[in-house]
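Asker: Below is a structure I'd like to ask you about.
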Amino acid sequence: MVETQPQRRTIGANGAGAPEADGRPITMSVRHVSKHYKTGTGSVHALEDLSLEIPQGEFICILGPSGCGKSTLLWGMSGLHDMTAGEVIVNGTPVTEPRPEIGMIFQDANLLPWRNLWQNIQFPFEIKKLDPRPFEGRIRGLIDEVGLAGFEKKMPRELSGGMQQRASIVRCLSYDPDVILMDEPFGALDAFTRDEMNLLIQKIWMETGKTIIFVTHNVSEAIFLADRVVVLTPRPGRLAHIFPIDLPRPRTVDMTFEPEFIHVVKEIKNTIETGRYTPLPKLTGAARS
Amino acid sequence: MASELREAIPTFNQPQGGEESADVDITNWSALTSTSFARSWGEAVAIVAVAVVFVAGLEILLRVANVPAYTMPLPSEIGAALFGNFGLFAPHLGVTLRVLAIGYAIGAVIGIVLAGLITQFPFAEKIITPYILLLVTTPMIALVPLLVQKMGFGPAPRIIAVSLAVGPMVMINSATGFRRTDLAKIALARSYGATTMQIFRQVRFPLALPMIIVGLMVGAIFGLLTAVGAEIVGSGEGLGNRLMFYSSRIQMANFWAVIVILAAMGILIYVFFYWVGKRWASWQA
C-alpha cells in the first residue's frame, strides 16, 4: 500500500494512487475522466480530470458530498454513461457500453415491483439470454447466505428495505461478475440495517475476492468497508485525496468506536470540508497518517 | 430509447421531467385495488340485505302510492319481464355485444399501439395529443347520424363510433403509463446489456400496465355508452334500439328490464377489470 497521497490530484501516466506495490493486476483504470451534463438551464460540470487505478480484488470506496459526481463516476465505470473526456478501461478493454464482467447494485435495491424475489434474481439471465439452470445451485446458496431462504415467492413490497437490498445483491452476484459497482446501496436504510449490510458485504467480499467499487456519502461506512477511500471535492468532482485504510479484517462494528478509526473520520471530514488533505496531529500510539 | 439514460444525471429521487407530476388518472387505481367488495360473510350479508330492503321498499312504496305502471313499474313486474321476455332481449343483447366487442377490440389495439409508439417520440406526441384530447372530449355518438347517412343502418357506423370512443380513451391512459419512465429500472436492464426492445418488453410495458388496464376499463365503459347511444340514434336493433321501442309503446316493464341488463353489463365490465387489475397490477397498490 502506498503510504501518502499528498497532492490534491495526481496526474501522471499511471494515473493517481496506483498501489503497484503488491503487483496485483489492475482491473480498472480511470484515465483523465471529465463529465459535463447538458441540462435545460446550461451544463452541469460533474467530474474534472479524474484518474484512478483499481487493482484486482480491491475494495474501494468513493466518498464525497452530494453532487460531487461520485455517482457519475460510477456510471461512467459501468458503461451506462459516456464520459465527456477521458476513458475507463476494464481488464484492458475500454468501457463504452455495459459489460458482462461488471455488475451493478443500485440505490434503493431497484427491484422490479411486478416480479417476485426469485423472478427478480432471474431478470439478468432473461436479459442476457443465459440459461439460469447451471447457476441455480449458486443462486440458492447466495439466497441462503444473505438470509432470504423461504422468501423466494415474496413480492418486493412485502420485503423490508434491507431484505430488498439483499435480494439485489444476490441478483448482482448470481451471474458472477468480476467487478461490482455499488451506488449508495445502503443510503436509504436505517443505521442498524446498514451495519448489518456492511458486515454482509465485507463477508461476501472476503469470500469471493471480487473487486468492489462502492460509492457512499457516509464516512464511517467508507472507512469500515474500504481498502482505500477516495475522497472527491464538491462539484466539479476532483480527486481530493486517497486514504489507505489499514485496519485489520474482518472488521467489526466495535472498531468504528476506536480512536484510530475516529482519527481517520476526522481527517476525511476535514478533507471534504476544505477540499484538500491536511494531516491532523497524530494520536499517541498506532494512529496512521 | 435507452439513449435518454446517457445524459441523465443519476439522481432518481426527484421525478423526471415536469409532466410526470401531472399524472392525470381518470380512475384512482389504488382505491380500486385496495377496496374489496366484501371482506367477510357478515359484510356480504349486509350488502345483500340492503339491496333486498331497497327493492322491497320500492315495491311497497309504489304499491301504496299507487304509481301507474307507465311512470314506474313494480320491481316484481320488471323481474318478471326480465326473465319472462329474456328470449325477446337476447338477440338484441347479442347485437350490442358484437358491436361493442368488435369496436372495442379495434379501438383498444390501436390505442395501446399508438400510445406505445407516440411516447417514444416526444415531438410527435406534442403534436398529436390535442387531437386525441379532441376525440376524448367529443361525444362520438354525435358522428353516428352522419355515418348512418353515408353507410346505412348496418352495424358499421356503430362499430366505428365505439372504436372512436374507446381508442382515444385507451390511448390517453396508456400514454400516461408509458410516459412513467423509471430511469433506475431502465438503467438496471441496460446494465445487463438489454436492447431497446428488451427494455420495452421487460421494463416499460410492465411499468405502464396498470395505467393500460385503467384505460381498458374506462374505454370499455365508454364503449358500452357509445354502443347503446348509437343504437338509440341510428339502428333498428340492439339494446339501445329496444329502449326506444319499448318506451314508444309504453311497455315500461320491458324498458326497465333492458336497463337492468345494461346495468349488469356495466357492472360485469367493472368487475372483470377489477379482477384483471388485482391479478396483473396489484404490485402498484
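The values are calculated or read from the model by the stated rules, or taken from the named source; none is laboratory data. The model shown is predicted, which means the values in this text are computed figures rather than measured ones. All Cβ positions, even for glycine, are placed from backbone atoms using ideal geometry, and neighbour counts span all protein chains on display. What goes into the accessible areas is simple: the full protein's heavy atoms, side chains included, and nothing from ligands, DNA or RNA. Shrake-Rupley method; radii C 1.70, N 1.55, O 1.52, S 1.80 Å.
Asker: Restricting attention to the range A:108-121, which residues are more than 7 Å from chain B (Cβ to nearest Cβ) and either in a loop (DSSP other than H, G, I, E, B) or under 14 Å from the mean Cα position of the chain (by Cα) (or both)?
Answerer: Initially, the range A:108-121 is screened for residues more than 7 Å from chain B (Cβ to nearest Cβ), giving A:108-109, A:111, A:115-121.
Of everything in the range A:108-121, those that are more than 7 Å from chain B (Cβ to nearest Cβ) and either in a loop (DSSP other than H, G, I, E, B) or under 14 Å from the mean Cα position of the chain (by Cα) (or both) turn out to be A:D108, A:A109, A:L111, A:R115, A:N116.
Asker: Follow-up. When you go through B:I267, B:I250 one by one, which is the residue that is more than 14 Å from chain A (Cβ to nearest Cβ), open to solvent by 20 Å² or more (accessible area, probe 1.4 Å), over 23 Å from B:V109 (Cβ atoms) and not in a helix (DSSP H, G or I)?
Answerer: B:I250
Asker: Let me ask you something else. Based on this model, can you work out whether A:A167 counts as of a type in the set (G, A, S), at pLDDT 90 or above and over 22 Å from the mean Cα position of the chain (by Cα)? Break it down stepwise before answering.
Answerer: Values: of a type in the set (G, A, S): yes; at pLDDT 90 or above: yes; over 22 Å from the mean Cα position of the chain (by Cα): no.
Here the answer is no, as A:A167 does not meet what is asked.
Asker: State yes or no: is A:D195 under 17 Å from the mean Cα position of the chain (by Cα) and not in a strand (DSSP E or B)?
Answerer: Here the answer is yes, as A:D195 does meet what is asked.
Asker: For B:P155, indicate whether it is open to solvent by 60 Å² or more (accessible area, probe 1.4 Å) and more than 30 Å from B:R204 (Cα to Cα).
Answerer: No: the conditions fail for B:P155.
Asker: Let me ask another. Tell me which residues, restricted to the range B:157-196, are over 26 Å from B:G234 (Cβ atoms) and under 29 Å from the mean Cα position of the chain (by Cα).
Answerer: Correct list: B:I172, B:N173, B:S174, B:A175, B:T176, B:G177, B:F178, B:R179, B:R180, B:T181, B:D182.
Asker: Which one of these is surrounded by fewer than 21 Cβ atoms within 10 Å (Cβ to Cβ) and within 11 Å of another protein chain (Cβ to nearest Cβ): A:P100, A:P94, A:P134, A:P124? Step through it out loud before you land on a result.
Answerer: On the way: A:P94 fails: within 11 Å of another protein chain (Cβ to nearest Cβ); A:P134 fails: within 11 Å of another protein chain (Cβ to nearest Cβ); A:P124 fails: surrounded by fewer than 21 Cβ atoms within 10 Å (Cβ to Cβ).
None of the other options fit; the residue is A:P100.
Asker: Additional query: Which one is nearest to the chain's Cα centre (by Cα), of the residues in the range A:71-89 that are more than 17 Å from A:G103 (Cβ to Cβ) and open to solvent by 10 Å² or more (accessible area, probe 1.4 Å)?
Answerer: A:I89
Asker: Suppose we filter B:I199, B:I212, B:I232, B:I186 for residues that are more than 14 Å from chain A (Cβ to nearest Cβ) and touching a residue at least 12 places away in the same chain (Cβ under 8 Å); which single one remains?
Answerer: After ruling out the rest, the residue left standing is B:I232.
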